[in-house]
Amino acid sequence: MRKKKKIVADDGFEIGPFRMMRFGKMNVLQNRMSKDQHAQFMERLASRHQEVCDEIDAAVWRIAATVARFSPLSLLHRAYWEYLPSAMGVCSEIEIGREGLEKRFIVEYLQSVICAVAPMAVQDEQPTEDEWKALTTDIAGLLNKILSEYFMTHTAWAKRNDVDFDEQREKFSVEAQIHWLGVRGDRYLCHDLPHFHDLLSPHDTEFVHLFGISSEEILRGIERIIRNFTRGPRDAMEELDTFQHQMFDALHEYEDSTGDTRAPADLMDKVIRENGWQEWRDKVLEDAIGCGLFDMEAATGWPRTLLDSLSWQPGEDAAFLAAGAFCGWPLRVLPIWKRPFIKIDGRYYAFSIYALTDHGYRIFQRTLVNLDPAYRETWNVRQKEVSEALPLSLLSRLLPTAKTHQSVYYKWPIGPSGTKQWCETDGLLIYDDHLIVLEVKAGAFTHTPPSSDFPAHIESLDALLRAPSEQTDRFCAYLESEPRVAIYDSEHRQIGVLEQGSFRCITRCCVTLDQLTEFAARAENLNELGVNVGSSPVWTVSVDDLRVFADVIDNPLIFCHFLEQRAKAFLSPALQTDDELDHLALYLSHNHYSTYAEDFEFDTPVHWHGYREGLDRYFSAKVGGDPSDVPGQPIPTRLREVIDALARANASGRCKAAAWILDMGGDFRIQASTLIDQVLEEQQRLGRQKPATCVGEIPITFYCSVEGVVRHDDHLVKLHTLATLKLSRESERLALKLDYSPDKRLQAVSPIFFSDRDVETVDEKELAGYSQRMVDKRFQAHFAKTGRHKIGRNQPCPCGSGKKYKRCCGAPSFVR
């Protein structure tokens, strides 16, 4: 068993019975209450639950009554411009502080309440400072009371009063509700346009039929909305600055030439009129300090029939404040998630970009189907077609030379009778010794709130995770049923034969169209909810996350290595994350990240905090058009050249060879890269080939040929590799033949795996003699380096076995 490392916290603090510790980017919270203390604490929470609910209800109605008194546009305008400073410069989710979260919530909750509460017949234009402070304090307090008190008191109350209370079920329910409340941005903003393009383009004819505009015009409108909410404020201030400079330059020139001494305001008006700048002035001021950036008709150019379908009028939504559980609570479906715009005085506005980007696809779906119910079936057919093709397209970007099959059929026993029937898997990708078995689910994840209908969330998870997992398991069982199995197309014509022994790594991959949030990243832990995805590793990933992988991982061999590490993470009880991208970020940071997680021994959950920061910053820079390095593992130049050359070569065994290289730790990688450089220099001096051997956990020997200097000797490659394998008592060793140009640029790579069975294919005496000469040279080199002819018992044996001297050549019973 691998010995665990002793790891000490970087810092920490204690508050009463709670201890928080930080280990790098990992935070650990420990509760050190005694059983009696915990029981008393839970009883106090349970007793306060109804009081907390009453306080939240009272806050909701205070907010609604205040909102009804004032002009909705002035409230939303002020809320957004107060939120904006907290959002500017934020590139990563870990930079969103409490103030930023509260101010973002104020904007979207205000718009939702305005949509739901009937406005007073006569409204004030805007609140006083005290009224505004009271309103925003109430809204922020509503959010904080739910997060800090409601969930804890509800759990304690349910534990005391519900005979069917389930600890794990409650844990997942609370996590789903917290996600519902606070997490925004289903995908990076730079992926929103590709997302809408892929999913809305198939419905172009229906957009033309209903609204007289094409899907391309829809996309251009969405692009302008995104720009208004991202670059818009900065561009508006820059344009205002440009306008002011030109206007003042013209004003000074006019004053100098005419000597006019009228009031500055009158002179400015005259200069603006004479230069025809009235429209420019109006637009600049409207964008910079007015509501120009939020005017959806001006931004999109969409017809009013479409804008009306996407907009509420104040007080129009009847559901949010309807009587019942969670009346007006943000744990209900927010009105802006159903219609992201609001119509005020005949103009259409939006103040939350995420209402459109996170919910837009399903909003457009409901809009088209509600206006044309007969289109529902066509929508479903087209959605299925694009959802099955899209994952294959994205995976093909990651594995550009993979052989792909879409909609693969095979016969397999189904039901109690065991009669063989035709079964389908959505796709197969074959890349060297990797096979990806693909299942896609285009169905929508439930939009009912987890607070009022958590069973619906479980049913959605079951439909979107368990069923495709079972389908991938079924195909894998078919693959394992015979040494060779046939696969067929939709017409049941044979399209290929798969050999079970050809695949070193099989990835069961379930792709969903909708984000399943934290549940997908922990599919292996959902058994407690009744969602059983099986014991075999399954990679559950959304289309949105696949876009990230396709942008970040630029080498198919690195992607295959990630899949191998992801499968290990599935099986590791030490690793739980809240997001699939945490797995990618952990891989980029720690390589064998499940092993890293297993080094920590805690009885409390570990929060992997801040690992996505590098990804967040990279994609944030892409939105702004700023240059940024793609996040990746540090791989020294010589090794990166080898991995890239292996990917280009398409040689059999390239995935395994690259995996062995990528299995190296950071220091080992540097040493191996340096070793190649040293060998290239020594060969130039010696004029003969000099193998570069790595011993230990990664058994690789590099053989470098240089055009015009030294050529590969295949017999030497085999003899030296097998001698090293035998001396090190290895079962397998990789020989990498590297071909360099005269200026030391890598031209080609040939991987050859030798096993202990290959020892029998060479002359025994020749191998023994070569092995002895290798050992003698290594001992002589060791003595020359140390200046001593004595070897410590606990030192590594100079022969290169990787063992201590006392257990190798220095053992009393040793016989070579």
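Mind running the shape call on the stretch 637-762? Use the C-alpha gyration tensor, a ≥ b ≥ c as the square roots of the eigenvalues: rounded below 1.5 for a/c, prolate if a/b tops b/c, oblate otherwise. Since a/c stays below 1.5, the shape of the stretch 637-762 is classed as rounded.
Thr425 sits among other residues whose Cβ lies under 9 Å from its own Cβ, and their net charge, with Lys and Arg +1 and Asp and Glu -1, is -2. The mean sequence distance of close C-alpha pairs (under 8 Å, at least 6 residues apart), as a share of the length of the stretch 637-762, puts its relative contact order at 24 percent. Packing order of peptides 389-401, 628-640, 251-263, highest average first: 389-401, 628-640, 251-263 (average count of other Cβ atoms within 10 Å over each peptide's residues).
In the chain, the DSSP-assigned H stretches of four residues or longer account for a calculated mean residue ellipticity at 222 nm of -16500 deg cm²/dmol, using -39500 (n - 2.57) per stretch and the full residue count as denominator. Here the relative contact order of the stretch 115-254, from alpha carbon pairs under 8 Å that lie six or more residues apart, stands at 11 percent.
Measure nothing fancy, just the Cα-based angle from helix 376-398's long axis to the longest principal axis of the chain, in degrees from 0 to 90, nearest 10. It works out to around 40 degrees. Write down the percent of antiparallel bridges among all DSSP beta bridges whose residues are both part of the chain, to the nearest 5. Counting DSSP beta bridges with both partners in the chain, the antiparallel share is about 70 percent.
For GluC sites (Glu not before Pro), the sites in the stretch 542-613 that DSSP calls loop and that have at most 10 other Cβ atoms within 10 Å are Glu601.
For Leu240, the shell of other residues with beta-carbons less than 13 Å away shows a net charge of -4, using +1 for Lys and Arg and -1 for Asp and Glu. For the stretch 656-692, trypsin sites (Lys or Arg not before Pro) meeting the loop criterion (DSSP other than H, G, I, E, B) and having at most 15 other Cβ atoms within 10 Å: Arg688. A compact globular protein would have a Cα radius of gyration near 2.2 N^0.38 Å; the ratio found for the stretch 387-624 is 1.04. With respect to the chain, whose longest principal axis is taken over its alpha-carbon atoms, helix 543-552 is tilted by about 60°. Computed over the chain, relative contact order equals 10 percent, with contacts defined as Cα pairs under 8 Å that lie 6+ residues apart.
Loop-only check: which GluC sites (Glu not before Pro) in the stretch 636-703 are DSSP coil with at most 16 other Cβ within 10 angstrom? Within the stretch 636-703, the qualifying GluC sites (Glu not before Pro) (loop, at most 16 other Cβ atoms within 10 Å) are Glu697. Could you name the lysines whose alpha carbon sits less than 16 Å from that of Lys145, not counting residues in the same chain fewer than 8 places away? Output for Lys145: Lys103. Once you reduce the stretch 181-197 and the stretch 130-163 to the center of their Cα atoms, the two points are 28 Å from each other.
The separation of the stretch 744-779 from the stretch 591-663, counted between C-alpha centres, amounts to 32 Å. Relative to the longest principal axis of the Cα atoms of the chain, the long axis of helix 637-649 lies at roughly 90 degrees. 3J(HN,Hα) along the stretch 196-201: 5, 4, 5, 8, 9, 4 Hz, from the Karplus curve 6.51 cos²θ - 1.76 cosθ + 1.60 with θ = phi - 60°, whole Hz, x for Gly and Pro. Pairs of C-alpha atoms in the stretch 161-273 farther apart than 20 Å represent 70 percent of all such pairs.
With the alpha-carbon atoms of the chain aligned to their principal axes, the span from lowest to highest coordinate is 104, 84, 67 Å, starting with the largest. Cα centroids of the stretch 461-515 and the stretch 338-389: how far apart, whole angstrom? Centre-to-centre distance over Cα atoms comes out at 33 Å.
Within the shell of other residues whose beta carbon sits under 11 angstrom from the beta carbon of Gly89, the net charge comes to 0, with Lys and Arg scored +1 and Asp and Glu -1.
Each value in this text was obtained by applying a stated rule to the coordinates, not by laboratory testing. Since the model is a prediction, treat every value here as computed from it, not as a measurement. Note that we place each Cβ from the backbone using ideal geometry, even for glycine, and neighbour counts take in every protein chain shown.
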